[in-house]
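Q: First the structure, then my questions, so here it is.
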Amino acid sequence: MPDRADLEAKTRYDPSEVEPRIGQVWLDSGLFGPEPAGDPADNYSIAIPLPNVTGVLHMGHALNNSIQDCLIRFHRMNGPPAGRTKWILGTDHAGIATQTQVEKALIEQGTSREQLGRVAFVERVWQWREDYGGQIIEQLKRLGASLDYDDERFTLDDRYARAVQKVFVALYEKGYIYRDRYMVNWDPGSGSAISDLEVEDHEVEDTLYYIDYPLASGSGAVTVATVRPETMLADTAIAVNPDDERYRRLVGETAILPLVGRKLKIIADDYVKPDFGTGALKITPGHDPNDFEIGRRHGLQQISVIGEDGRITPEAPERFVGMKVEEARREVVAGLRREDLIARTEDYVHEVPHSQRSGERIEPLISLQWFMRMDELVKPAIEVVKSGRVRFWPASYTRVYLNWMENIRPWCISRQLWWGHRIPVWYRAEERYVGETPPEGEGWERDPDVLDTWFSSGLFPFAALGWPEDTPSLRAFYPTDALCTGRDIIFLWVARMIMMGIEFTGQIPFDDVYVHSIIQAPDGRRMSKSLGTGVDPLDLIDGGPRPPVFTAGGDFPAYGADAVRWGLYAMSSSQDVLFSEERLAQGLQLTNKLWNAARLILLGVGPAARAAPRPAAVEDRWILTRLDRARADIADAVNRFNFAQAAFRLYEFVYGELCDWYLELVKPRLRAGEAALEATLLHVLTQTLGIAHPMIPFVTEEIYRHIPGAEGLLASGRALSDEAMRDEQAEAAVRRVIEAVTALRGWRDVAGVRAAVTVPARLAADGYDDTGEHLARLAKLSFTADGANPVASVPVPGGAVEILPSDDIDLEGAERKRAARRAELEAEIARAEGKLGNTGFVAKAPPDVVQAERDKLDRLRAELGE
């Protein structure tokens, strides 16, 4: 334990010195790596949303992991005494992202993966992971994340790979996994198929071409509209709506495909929208997902003229073969113009699918891929949410989850990559072998594809604990308790974990799914380094450059991890929120206030003092009551995943009740060296540290080291409620004092009474028998029985305080201040009423913003006395 001189020397809290030191103390203690024992019902565990091995900490990570760490620390201190707490750590091999990173590095070195070959390339990626893969783990340590760092899993390590292979084989043998030629989202940037969930729409300005397709009868032409004239080389029909009278007579006839000469049957299909374009639709089953389905319904030929390499295939006329898509488009348009078959063109803005991974435009292609049928897996995953066994917070995401699950489609699980879990399938001539180990004999060739990264990460909660083996960790910590995630991976990851968990363990993987907010840049745009709106959390913790989007110039101050964490909790809500540096500054004020309060107490008590609740006065009973209520309120907020409410309740207790009121009330007693007070102060401080620790762990652990008689680590301590300490009478008595002092300080301010001046007054109120001295001292009053006529009467609970004549009171100035404040309040009320009277604001603004405006209006009206 540090000596008193150490605390005396530290007149200000320095997070840059404290946090790395305390972080190492935690790591050395082994606290974060619990023994795998006990009952999962008593234990508490969370599986981290797997950061990519390529990743570095961003604001989404900082918020997500701060929330998880709050939960882990809270349950470590508040769970059953026999319980153990484990935050399961892993990193994801991130197939496309990692392969792309390494390929870029190879290009800079003048080589490529093709030149290296598959084996050498995979070895290079493993080396890259060894060199750069741990960066985000070190950053998480800096944030204070209490993960089990000694039991880190990687989704490509040998034990994890065995679990992935076992799952694939089991699902294949059940008939859920199959191989088929089907329309997929082809990502030209990564050279692989990707799932529907990895596709995002971008608004694109295109040209809409109206092209005449001559009728074979020679009686005219059918005009179709398309933004992709190059795909017409693969057209196999023209479709019209059966109820469209313009084309009803043409159904069954044929048209001639320009530039190719192929005869196209004119068919009727309800999918066609008569009001789009001309109402006639070119059908290209090989290059459009909707056309693919129409083609299957009508038995149309599937022609693919665009290959996986992004070039025109030999199925197109010879003069186009080998061209890139953009070049082919230009040549097709030129050919149509030469034949005078473009009726007209127009500008057209529309949503076009792009790859989330590479950013390139998706090319719908028919490809031989591995798929996973979801029909059987989805049913129990729907039931556990409908029955409430798995709960979403906020509850609105329950419907989001169910809507997707109830309309789920087959999942394309194969990827044309080299880095990842290679599909455990081998071929020899017409034979196929699927197994966890390679087949015996010669001539077998393994499938070159790898599994979608989300296939392996969907097993994480149980595979990370050793499944399929019945390990002690699996028995102790599965199922996990909660999952914290962003809404963007509810379908990619959350739903698949639920399905896989039920299928392979018979249990749900977690009880609660907390979907946290997305923190946006101050101007409302998404946070992104490329946009100049991204913020590196370490620049907030240790000090670093402000991005251009911030109006304030220069560098961020070094807020420290505690202040950043508290600020993130305060920003969090069920809505998307704008980043607020003010919240970080508020978090820094909180850590400094707590540090200063601790120094006041610790330097004020005697060397023999020990923590114990020994209330000797009404204010002692009051603070013990408020302490227990704060503990209960914060626990309730954390259990409801309302971290903003928990953060503000902590701030209110520390800043307001503890520092602004209790410490001010007891300062004379502390100076007098009262033993009972010293014991109570140390007890209150220790318990406050326990309440605050899950949110601001570094400063609380550092203060705890200075508590006389403190043992072990605060992080491993217990913070249990004690309702027996509550005293409602004391609570009411001190509340009266606080309300009275607040009213009297307000009057002094308006009256222009200097802070140092003690004003003569007469107490004409009941209920202050035990607290009258406190009222007089804190409000700077001198109570007297003088019968002089009062110059002012200030209403307080139980009556009034009559202010007696004094040269220090300027009544005329006070009236001017009151009039000015009245005018100010009336103007603010009018603005708030106007805002709330605007139906657009009430309908479009987030509910919490609207409610805050209503609360503000109520406060203004109350102050004005309406």
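Q: Among the residues of the stretch 801-838, which ones are part of a loop (DSSP other than H, G, I, E, B) and over 37 Å from the mean Cα position of the chain (by Cα)?
A: Selection gives L804, P805, S806, D807, D808, I809, D810.
Q: Checking the conditions here, which among A216, A221 is aliphatic (A, V, I, L, M), farther than 24 Å from R181 by Cα and surrounded by fewer than 15 Cβ atoms within 10 Å (Cβ to Cβ)?
A: Of the residues listed, the single one that is aliphatic (A, V, I, L, M), farther than 24 Å from R181 by Cα and surrounded by fewer than 15 Cβ atoms within 10 Å (Cβ to Cβ) is A216.
Q: Continuing with this model, one more query. For the stretch 578-604, enumerate the residues that are touching a residue at least 12 places away in the same chain (Cβ under 8 Å), farther than 20 Å from E678 by Cα and out of contact with any strand residue (DSSP E or B) (no Cβ under 6 Å at 6 or more places or on another chain).
A: S580, E581, R583, L584, A585, Q586, G587, L588, Q589, L590, T591, N592
Q: So for the stretch 208-217 (the condition being of a type outside the set (A, V, I, L, M), more than 38 Å from the chain's Cα centre (by Cα) and not in a strand (DSSP E or B)), does at least one residue qualify?
A: The answer is yes, given that some residue of the stretch 208-217 is of a type outside the set (A, V, I, L, M), more than 38 Å from the chain's Cα centre (by Cα) and not in a strand (DSSP E or B).
Q: What do you reckon, is L63 open to solvent by less than 50 Å² (accessible area, probe 1.4 Å), in contact (Cβ under 8 Å) with a residue 60 or more places away in the chain, under 30 Å from V125 (Cα atoms) and out of contact with any strand residue (DSSP E or B) (no Cβ under 9 Å at 6 or more places or on another chain)?
A: no
Q: Considering only the stretch 390-501, give the strands (runs of 3 or more DSSP E) lying wholly within it that have at least 3 residues that are farther than 26 Å from L368 by Cα, of a type in the set (F, W, Y) and at pLDDT 95 or above.
A: none
Q: Tell me yes or no: at least one residue of the stretch 602-619 is acidic (D, E), assigned to a helix (DSSP H, G or I) and more than 30 Å from I738 (Cα to Cα).
A: Looking for residues that are acidic (D, E), assigned to a helix (DSSP H, G or I) and more than 30 Å from I738 (Cα to Cα), one finds none in the stretch 602-619, hence no.
Q: Among the helices (runs of 4 or more DSSP H) contained in the stretch 631-741, which hold 3 or more residues that are open to solvent by 10 Å² or more (accessible area, probe 1.4 Å) and over 26 Å from A585 (Cα atoms)?
A: 664-671, 675-692
Q: Assuming I362 fulfils every condition listed in (1) in contact (Cβ under 8 Å) with a residue 60 or more places away in the chain; (2) open to solvent by less than 70 Å² (accessible area, probe 1.4 Å); (3) within 21 Å of I312 (Cβ to Cβ); (4) more than 28 Å from the chain's Cα centre (by Cα) apart from one, which condition is it?
A: Against the list (1) in contact (Cβ under 8 Å) with a residue 60 or more places away in the chain; (2) open to solvent by less than 70 Å² (accessible area, probe 1.4 Å); (3) within 21 Å of I312 (Cβ to Cβ); (4) more than 28 Å from the chain's Cα centre (by Cα), I362 comes up short only on (4).
Q: Follow-up. Is it fair to say G110 is free of Cβ contacts under 8 Å to residues at least 60 places away in the same chain and not in a helix (DSSP H, G or I)? Full working, then the answer.
A: On the way: free of Cβ contacts under 8 Å to residues at least 60 places away in the same chain: yes; not in a helix (DSSP H, G or I): yes.
In short, yes.
Q: Considering only residues of the stretch 752-800 that are assigned to a strand (DSSP E or B) and polar (S, T, N, Q), which is most open to solvent (accessible area, probe 1.4 Å)?
A: Within the stretch 752-800, the match that is most open to solvent (accessible area, probe 1.4 Å) is S793.
Q: Sticking with this structure for a sec: Taking the residues in the stretch 456-492 that are among the aromatic types (F, W, Y) and touching a strand residue (DSSP E or B) at 6+ places or on another chain (Cβ under 7 Å) as candidates, determine which candidate is surrounded by the most Cβ atoms within 10 Å (Cβ to Cβ).
A: Once the filter is applied, the top-ranked residue is F477.
Q: If the Cβ limit is 6 Å and pairs must be 6+ apart or interchain, which residue in the stretch 552-574 that is under 22 Å from P846 (Cα atoms) pairs with which residue that is of a type in the set (F, W, Y) and surrounded by 18 or more Cβ atoms within 10 Å (Cβ to Cβ)?
A: Note: pairs meeting the criteria are Y569/F643; S572/F643.
Q: Sticking with this one: Suppose we keep only residues that are over 29 Å from R361 (Cβ atoms) and of a type in the set (D, E, K, R) within the stretch 245-291. Which one would you say is most open to solvent (accessible area, probe 1.4 Å)?
A: Among those that are over 29 Å from R361 (Cβ atoms) and of a type in the set (D, E, K, R), it is R249.
The values are calculated or read from the model by the stated rules, or taken from the named source; none is laboratory data. Everything numeric here is computed off the predicted structure, so don't read it as measured data. Here Cβ is always computed from backbone atoms with ideal geometry, including for glycine, and neighbour counts include all displayed protein chains. The protein model used for the area step is the full one, side chains on, heavy atoms only, and it has no ligands, DNA or RNA in it. Shrake-Rupley method; radii C 1.70, N 1.55, O 1.52, S 1.80 Å.
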